[in-house]
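What follows is a short report on a single structure.
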Amino acid sequence: MVLVHGAFADGSAWNKVIPLLQEKGLTVVSVQNPLTSLADDVATTRRMLDNQTGPVVLVGHSWGGVVITEAGKHERVKALVYVAAFAPSEGQSVADVSKDYPTPSGFAHILADKEGFLTLSLEGVSKHLAPDVPADQTRLMAATQTPTRGKNFEEKVTTAAWKTRPSWYVVSEQDRMLQPALQKAMAEKISAHVVSLPAGHTPQISQPAEIAKVILAATAGAPK
């Protein structure tokens, strides 16, 4: 398993899922993407894929879906799992995919610094990114988030790995950062196996057992 985090986060976003997968005897690695550009994140993910010795299920949350869409063409990747994640087509960016949908409420709580890097306020994390996560955890998430370069969301993928890899998609029905209707549309577009959860934008934290089940299903269903 190679797990890719989203914006306003780091690799610790998968901390509750990783032990559940390790208990099944699986090798699991969480990528620490810099969030400085799509190219940088894809390169970091590809290096992690290069370091693996066997077939990989590549998992992406939110912005991480863009990364796995590009990096998932790697020869070791046998299946993709999108967790409340963007799944663009070739030549599309997050901005392109989102333009026909209402702006999610969480975007009102994004803060930009003078260099154009974005963070979420504590209110943004606790009430919009992860409203179904306990307050002590959301405070930690807000404190440890990696600032995200705002221009990332305008960068377009050049390939779409979901065209040649079986895909699974977890729809978060109560999401305030990525419109559930858009999630469902993307899942349909990529012909994914769909699991819908009554969850906010971070089901890997609020419902880790359910996310682990989907990843295990992708492991079982991936070509050998």
Original post:
Take the residues of the stretch 7-46 that are of a type in the set (D, E, K, R) and over 12 Å from GLY72 (Cα atoms): which is least open to solvent (accessible area, probe 1.4 Å)?
Top reply: ASP41
Subject >> the stretch 12-35, residues that are among the aliphatic types (A, V, I, L, M) and touching a Ser or Thr at 6+ places or on another chain (Cβ under 6 Å) >> reply: VAL31, LEU35
Subject >> Considering residues of the stretch 190-211 that are over 26 Å from GLY124 (Cα atoms) and among the aliphatic types (A, V, I, L, M) only, the residue surrounded by the most Cβ atoms within 10 Å (Cβ to Cβ) >> reply: ILE190
Original post:
Do we have VAL67 as assigned to a helix (DSSP H, G or I) and under 24 Å from GLN92 (Cα atoms) here?
Top reply: yes
**OP:** Name every residue in the stretch 137-153 that is surrounded by 14 or more Cβ atoms within 10 Å (Cβ to Cβ) and among the β-branched types (Val, Ile, Thr), in order of residue number.
**Re:** THR138, THR146, THR148
Original post:
How about the stretch 78-136: which of its residues are buried (at least 16 other Cβ atoms within 10 Å of the Cβ), of a type outside the set (Ser, Thr, Tyr) and in a loop (DSSP other than H, G, I, E, B)?
Top reply: ALA84, ALA85, PHE86, ALA87, PRO88, GLN92, PRO104, ALA130, PRO131, ASP132, VAL133
Original post:
Are any residues in the stretch 176-189 farther than 13 Å from TYR82 by Cβ and open to solvent by less than 40 Å² (accessible area, probe 1.4 Å), and if so, which ones?
Top reply: MET177, PRO180
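The values are calculated or read from the model by the stated rules, or taken from the named source; none is laboratory data. Everything numeric in this text was worked out from a predicted model, so none of it was measured. With ideal geometry, Cβ positions are generated from the backbone for all residues, glycine too; neighbour counts draw on all protein chains shown. These area figures cover heavy atoms from the full protein model, side chains too; ligands, DNA and RNA do not enter into them. Shrake-Rupley method; radii C 1.70, N 1.55, O 1.52, S 1.80 Å.
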